[in-house]
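The values are calculated or read from the model by the stated rules, or taken from the named source; none is laboratory data. These figures come from a predicted structure and were not determined experimentally. Cβ placement follows ideal geometry from the backbone for every residue including glycine, while neighbour counts extend to all protein chains displayed. Just so you know, the surface numbers come from the protein's heavy atoms only, side chains and all, with ligands and any DNA or RNA stripped out. Shrake-Rupley method; radii C 1.70, N 1.55, O 1.52, S 1.80 Å.
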Amino acid sequence: MPKIKKSRKSTSSESDSGPEDRNPPPNKKSKATSSSKKDTGGGGDGPTTWTLEKLRQVRINEFRGRKMVDIREHYEKNGEILPGKKGISLSIQQWKTLLELADEITQAVEN
């Protein structure tokens with residue numbers, strides 16, 4: 001049995017004239033990062049950022065309520081230092097395990 005097409009009345013709101021009638025995506029808001037912190041924390045707990053090289057830094061960050069040791073390359077944009085994609089975040093347990101293995105790793109590197 002053939003389908004019966006219902007006639008639609010075309011209104012101006014139904015026409016798709018392209019992207020100009022769509023809502024533009026909202027602007028992304030920049031997040032406040034720990035990059036604004038200097039070498040001392042606000043609570044007097046000592047430094048929260050250590051510099052390995054010019055833009056390679058070790059930081060203590062909190063992610064989803066867990067403290068992480070973040071070893072990362074940073075980049076400069078508009079005079080602000082921001083974390084880059086290259087790096088690793090270690091949980092406290094992973095960090096402690098790495099420290100336990102540090103002597104063995106150093107020996108392997110030197111040989």
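In whole percent, how big is the carbon plus sulfur part of the accessible area of region 46-111, probe 1.4 Å, protein atoms only? It is 53 percent, rounded to a whole number. In this structure, residue 56 and residue 77 have a Cβ-Cβ separation that, at R0 = 22 Å, corresponds to a calculated FRET efficiency of about 0.85. The amide H of residue 48, built 1.01 Å from its N in the peptide plane, has 40, 41 as neighbours under 5 Å, considering only residues 5 or more places off or on other chains. Think of a 1.4 Å ball rolled over the protein heavy atoms: region 66-111 then has 83 Å² of accessible area per residue.
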